[in-house]
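Written out below as structure tokens is the structure these notes cover.
Only the coordinates and a few stated rules stand behind these numbers; no lab work does. On a predicted model such as this, the values are computed, not experimentally measured, just so you know. Neighbour counts are summed over all protein chains in view; Cβ atoms, including those assigned to glycine, are modelled from backbone coordinates with ideal geometry.
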Amino acid sequence: MVLNGPNLNLLGTRQPEIYGADTLADVELLCAETAARHGAAVDCRQSNHEGQLVDWIHEARQRHAAIVINPAAYSHTSVALLDALATCDGLPVIEVHISNIHRREAFRHYSYVSAAATAVIAGCGVHGYALAVEHACRLLAAG
Ligand code: DQA
């Protein structure tokens, strides 16, 4: 499952100097193509609502093999997302940030979610999603 958090529905028009020109549809296609190259499939979802993201993590925990998540601003605020991801024992959880959050404002330097992530990718632009899907596929193939 590929989850995108708040404001990422505006990718392509939202601060393109930081997040680039690709849209969310472009990102989802990139994830699908990357997964397909590894014989896998993705289920891509985006929400601006924390509780919806929690519900989808619960669903992924039951029905999906791995989670790629860009929690966006909730990275820096959400114990609820951390707690939800912490229940996903044994499921690879790859956290993605399009920008390098460590080069930005101090409030972006800490991600609550990272404590439940298997791996964290930041600053690679939207290519980070392809890296994340590929890494999840590799982990799953390795068993
Ligand atoms: C982001 C970084 C966050 O700080 C920000 O709130 C976002 C996007 C990124 O992808 O770089 O919305 O997660």
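Within region 71-82, can you find the residues that are more than 10 Å from the ligand (Cβ to nearest atom), within 21 Å of Cys44 (Cα to Cα) and part of a helix (DSSP H, G or I)? Those that are more than 10 Å from the ligand (Cβ to nearest atom), within 21 Å of Cys44 (Cα to Cα) and part of a helix (DSSP H, G or I): Ala80, Leu81, Leu82.
The rows are residues; the columns are (1) part of a helix (DSSP H, G or I); (2) within 16 Å of the ligand (Cβ to nearest atom); (3) crowded, with 19+ Cβ neighbours inside 10 Å.
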residue	(1), (2), (3)
Leu3	no, yes, yes
Pro6	no, yes, no
Asn9	yes, yes, no
Thr13	no, yes, no
Ile18	yes, yes, no
Ala21	no, yes, no
Ala25	yes, no, no
Leu29	yes, no, no
Ala40	no, no, no
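Give the residues of region 49-58 that are in a helix (DSSP H, G or I) and over 10 Å from Cys88 (Cα atoms), sorted by residue number. Across region 49-58, the qualifying residues are Glu50, Gly51, Gln52, Leu53, Val54, Asp55, Trp56.
Restricted to region 126-136, and to residues there that are surrounded by 20 or more Cβ atoms within 10 Å (Cβ to Cβ) and of a type outside the set (A, V, I, L, M), the residue that is nearest to Leu29 (Cα to Cα) is Tyr129. Considering only residues in region 88-125 that are within 9 Å of the ligand (Cβ to nearest atom) and aliphatic (A, V, I, L, M), the one that is surrounded by the most Cβ atoms within 10 Å (Cβ to Cβ) turns out to be Val96.
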